[in-house]
Every structure is written in C-alpha cells, then in structure tokens.
Amino acid sequence: MIERTPLLNLATYAVMFIGALVVFVPLWLVFVGATLTVREINTPELHYITGSHLFENLQAAWARGNLGGRLLNSLIMSLGVATGKVVMSALTAFGLVYFRFPGRMLAFWLIFITLMLPLEVRIVPTYAVAANALWPFQSMLDVSGLTGLIQMLSGIQIGLEWNLLNSYTGLVLPLIATATGTFLYRQFFLTVPDELLEAARMDGAGPFRFLVEFLMPLSRTNMAALFTIMFLYAWNQYLWPLLATPDRAGFGTTAVVELKLLAPTVSTNGGGTPDWNVAMAGCLIVMLPPLLLVAFMQRYFVRGLIATEK
C-alpha cells in the first residue's frame, strides 16, 4: 500500500523541482548564450535574458562547422548502431534462452562481464581491427605457417586486408555488440510462458518465425527503450568517431567531433574576443536531434523500462 500524505507529496514535488532545475538551467544558459552578441556574452555578469541574434549565430555555426554533412554522418551512425544493437541483442538473447547447448550459461556470463569493459578500455584493439578487419585471419595464417607454405609452393604472398576506417561500416560495426541489450532481452524472454512456445510449435512455426512473429511484437516497448538509449549513446560518442575518421577533408566525421571547430581557441571574428555565442549555437544544433527523439519516444521508453505486464 502506498501512503499519500500532503507532507510526502510536498517533498516529492520539491525533489522533482530541484531535479528539473539541475537539468533545465544549463540548457537555458546555452540557449541564452546562443542569442547574444560577442560583446554581450563576454561580459562578466551571467545572462538569463535572451538576446536577438539567435539566427545569426545559428547560421555562423552551421557554416563554420559544416554541420550539414556532419549531422548526416551522426544520424547514419546513430541509427546504424541503435538498430544493430537491437537486432544483435535480440538474436543473442533468443539463442541463450530457447536453445540448449553446452556452455550456454558460460556464454551468457562472458557476455555479461563485458559490461565492465567500456570502449575506452578496448580502444586500441578495436582500432587495430577496424584498420584491418581481416587481421585476425591473417594472423592465424601466419602463425600456422600457411602463409609461408603457400608462398613457397605458388609464389603468391597472401595479404588479407579490409580497412574499415573512414566509412560508415567502421563507425557502426565495432559498436553494435551490447551486453546491456542482451541482458534486457534475456530477462524479458524468460518471462514469456512456455505455453506460447508450445502453441507456436503446434502451429508449425520454426525458431525464426517464433522470434519474428511472436516474441518481437511482444517486446516492442523493450525495443523502443533500448533503441532510444543506444541512439543517444552513439550520438554522443566522441572518442571512436575521432579515431575512426582520420580523413576529415574527405569522408568527414560526426557532428559531436566537429564541435571542436566552434570552440574559440583562436579569434575568428577579427576582434580578439572569443565568440562563445557561435559555439553555444552549434551546441543547440547538435543536441536538437536527440532531444526530438527522446520527446517522441518518451512514452514507449518509460513503458519499456517499468512495464511489468508481458
């Protein structure tokens, strides 16, 4: 039983109000900064009232940061990573729950342990694989002696190489594995009654049909929550796009990485005064797509995290 009293309600609203202030005030200061002139934003006092130069600053940030192509790269990368994580985690959890094979729990715990290995820890081997995705196979050929044997018999030097850098494949593929999504889907699949599986078998459904036509429609809210989380995760990535796109002039990079061009380390307005207003305008542009996604997916996101009826 949940007790409801005026004092508890007041305390709850106070906590919610403080939390809203912590989130909203920095966003408001960024918005206000994006509406000011260079002279106004570099004054000592803190500004809380908006100015009248928002569109000028947005236009300057868009042109200087080349944000059109960079936002497209970010969108493709985020959609690819989020979709790949949803599909990969669903297939992995389905195999762990509905297939009986030796080492099934060992495989699950090995996947679960990777939660303690963030991208920053494994960035060097990830970059090495992305620079040449066939390097593990080349290493096996070299260690087994097949490379030298084939060269001695045929005179052909085997050199397997597949460079994923400066490509959407390189941005997306190393990030699609997720222990979080696998755990989320596994916990949901374990709540599905066994009678549903038996009914599907009686209907002649195979494993793939059971997954697509039965389990996936039931897990739409989980899918929406996972997709939203992983989209934000991919959109805010900085280190991996920075390393995976060395050809900035050709392929380009993501919008988050390109924001550094807007940081006024060197005067760009000829007056020797840093134009933080343009940098704030660039931040507004870059944060707009994930904000729109969260606003659109909020209902499904919350339902996917707290719903108990399956």
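Rule-based calculations on the coordinates, nothing more; no lab input. All of these numbers come straight from a predicted model, not from anything done at the bench. Virtual Cβ from ideal backbone geometry, glycine too; neighbours counted across all protein chains shown.
Structural remarks
- Over region 13-66, relative contact order from alpha-carbon pairs under 8 Å, at least 6 apart, %: 32
- Least to most buried among D203, D275, D194 (fewest other Cβ within 10 Å first): D194, D203, D275
- Its residue count N sets the reference 2.2 N^0.38 Å, and the alpha-carbon radius of gyration of region 39-102 equals 2.16 times that reference.
- Using 0.36 nm per residue and subtracting the Cα-Cα separation, the extra length available between L196 and A107 on full extension is 29.5 nm.
- Within the chain, helix-based [θ] at 222 nm, where runs of 4 or more DSSP H residues each add -39,500 (n - 2.57), nearest 500: -20000 deg cm²/dmol
- Springs between Cα atoms under 10 Å define the GNM used for the chain, and in it the highest mean-square fluctuation of G69, G159, G170 occurs at G159.
- Residue order for L134, L184, fewest other beta carbons within 10 angstrom first, comes to L134, L184.
- Label-point gap, in nm, between R39 and V22 - each point 7 angstrom along Cα→Cβ: 3.9
- In terms of packing, defined here as the mean over residues of other Cβ atoms within 10 angstrom, the peptides 250-256, 96-102, 123-129 line up highest first as 250-256, 123-129, 96-102.
- With the highest mean first, a sort of the peptides 238-247, 143-152 on other beta-carbon atoms found within 10 angstrom per residue produces 238-247, 143-152.
- Considering only alpha-carbon pairs that sit under 8 angstrom and 6 or more positions apart, the relative contact order computed for the chain is 31 percent.
- As a proxy for reagent exposure, ranking F31, F231 by other Cβ atoms within 10 Å from fewest up yields F31, F231.
- Segment R299-A11, extension gain: residue separation times 0.36 nm, minus the distance between their alpha carbons: 101.2 nm
- Within a Gaussian network of the chain (alpha carbon springs, distance under 10 Å), most fluctuating of P44, P136, P26: P44
- Region 195-242: radius of gyration and largest Cα-Cα distance (Dmax), Å: 16.8, 52
- Length gained on full extension, L46 to M152, computed as 0.36 nm times the residue gap minus the Cα-Cα distance: 30.8 nm.
- Taken over the alpha carbons of the chain as equal point scatterers, the Debye sum produces base-10 log I(q)/I(0) values at 0.08 Å⁻¹ of -0.56.
- Scoring 48-54, 19-25 by mean Cβ neighbours within 10 Å over their residues and listing the highest first yields 48-54, 19-25.
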